[in-house]
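The values are calculated or read from the model by the stated rules, or taken from the named source; none is laboratory data. All values reported here derive from a predicted model rather than from experimental measurement. Neighbour counts run over all protein chains shown; Cβ positions are idealised from the backbone, glycine included.
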Amino acid sequence: MGITDRISATDVVLDLSASNKRNLLETLATEASRRLGRPQAEILGALQGREALGSTALGRGVALPHARLAGNDLPVMIFARLRRPIDYEARDEEPVDLVILVLWPEASPEGFLPALSETCRALRSPQALRRLRAATSAEEVVALLERYGQVDGDPPEGE
């Protein structure tokens, strides 16, 4: 199952406004709450609990906030490109402007780590990050995530 089996154009938010990390997590929790039909406070609490263990910033302006939620809901993934980068307590101290939220049901733990791994793979290439930052549509973002998230590695640099 590829990343685009879990994320579609309707799961992409371009030019999201967030003033800080807390505001970003609140906004993402609100959006996820609408999709899951669960309380925003429950989702936000799970995300903040995970962040309390350590920042989910991956570096190079990318964050991967994630949490497991009680129950057997479908996984939720949301890609957000921020209008302006924010401090996200990244180890490399780079502000974050690309975010992928991953919420996973505790009742189905087997897919969680592979989903995180595939998401990280899609975001590891500097070329992928440049293209995601320049994307002009949600469909383009989904195509880029699919292309760079493939198991066989990054496309040639000349592409």
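In the stretch 15-37, the residues that are closer than 17 Å to ARG50 by Cβ form Cβ pairs under 7 Å with partners that are of a type in the set (Phe, Trp, Tyr), at six or more places apart or across chains, as follows: LYS21/TYR88.
Grab the helices (runs of 4 or more DSSP H) fully contained in the stretch 112-156, keeping just those with 2 or more residues being more than 20 Å from PRO65 (Cα to Cα) and at pLDDT 90 or above. Talk me through it step by step, then tell me what you get.
On the way: elements: 112-122, 126-134, 138-148.
So the answer is 126-134, 138-148.
Looking at LEU24, LEU53, which one is surrounded by 19 or more Cβ atoms within 10 Å (Cβ to Cβ) and at pLDDT 95 or above? None of the other options fit; the residue is LEU24.
Select from the stretch 68-85 the residues that are assigned to a strand (DSSP E or B) and either charged (D, E, K, R) or farther than 20 Å from SER8 by Cα (or both) and list them in ascending order. Matches in the stretch 68-85: ARG68, LEU69, ARG81, ARG83, ARG84, PRO85. Condition first: farther than 16 Å from PRO95 by Cβ and hydroxyl-bearing (Ser, Thr, Tyr). Can you find one or more residues in the stretch 40-61 that meet it? No: zero hits.
It is to be established whether one or more residues within the stretch 86-95 are within 20 Å of THR30 (Cα to Cα) and under 14 Å from the mean Cα position of the chain (by Cα). Yes, there is a match, as at least one residue in the stretch 86-95 is within 20 Å of THR30 (Cα to Cα) and under 14 Å from the mean Cα position of the chain (by Cα).
Only one entry of LEU113, LEU145, LEU129 meets the criterion of being closer than 19 Å to VAL62 by Cα, of a type in the set (A, V, I, L, M, F, W, C) and within 12 Å of the chain's Cα centre (by Cα), and that entry is LEU145.
Within the stretch 101-137, the residues that satisfy the criterion of being surrounded by 15 or more Cβ atoms within 10 Å (Cβ to Cβ), out of contact with any Gly (no Cβ under 7 Å at 6 or more places or on another chain) and basic (Lys, Arg) are ARG124, ARG131. Counting only residues that are in a loop (DSSP other than H, G, I, E, B) and either surrounded by 21 or more Cβ atoms within 10 Å (Cβ to Cβ) or on the phi > 0 side of the Ramachandran plot (or both), the stretch 86-100 holds 3 of them.
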